[in-house]
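The structure under discussion appears below in the form of structure tokens.
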Amino acid sequence: MTRQQVENLFARRDNAIKNHDAAAVTTLYADDAIVESPTAGGAVRGRQAIEEVTRAWFDGFPDVTFMKTTLVIDGDRVVWIGDINGTDTGGFMGLPPTNKPFRLPIVFFFTLEDGVIVREQRIYDFTGMLLQIGVLKAKPM
């Protein structure tokens, strides 16, 4: 893929996320793509599983936003760096909503092949997010 094609792919991804369109996000992945995410409890494979993980974010945090600060492209490897913000008003991972907000940095590492995403690794402070939304309680020091 050319640099412009990669930029276009990630512009479509960013737009689909902005619109909370899990199905549109998932069309950018290979049929057997793998996503590694703390939310998924490890790795999920295939568009349907990826769509379910994506939808969990949109359902649990209806106001969630992903703000890209940096996009690094190196051939078939891409790094998306940014921040994620939202409020737990939809209930996350089957738990009742806490109505508490969160904000944290997030990094996505992607591998591309034949114009689609074949592998993604999401890195963010999942425990910190759970603390912010009140699902976990920190022991006072």
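Readers should treat all values here as calculations from the given coordinates under stated rules, not as data from a laboratory. Since the structure is predicted, the reported quantities are computational estimates derived from the model, not experimental observations. Please note: Cβ atoms are built from the backbone with ideal geometry, for glycine as well, and neighbour counts cover all protein chains shown.
Positive end of the dipole of region 37-128 (Cβ unit charges, origin at the Cα centre): among G91, I81, G46, the Cα lying farthest that way belongs to G91. Looking at the chain, the pairs of alpha carbons with a distance over 20 Å make up 46% of the total.
For region 1-43, the alpha-carbon coordinates run over 33, 24, 17 Å along the three principal axes, in decreasing order.
Placing +1 on each Lys and Arg Cβ and -1 on each Asp and Glu Cβ, with no other charges, gives the chain a dipole about its Cα centre of roughly 460 debye.
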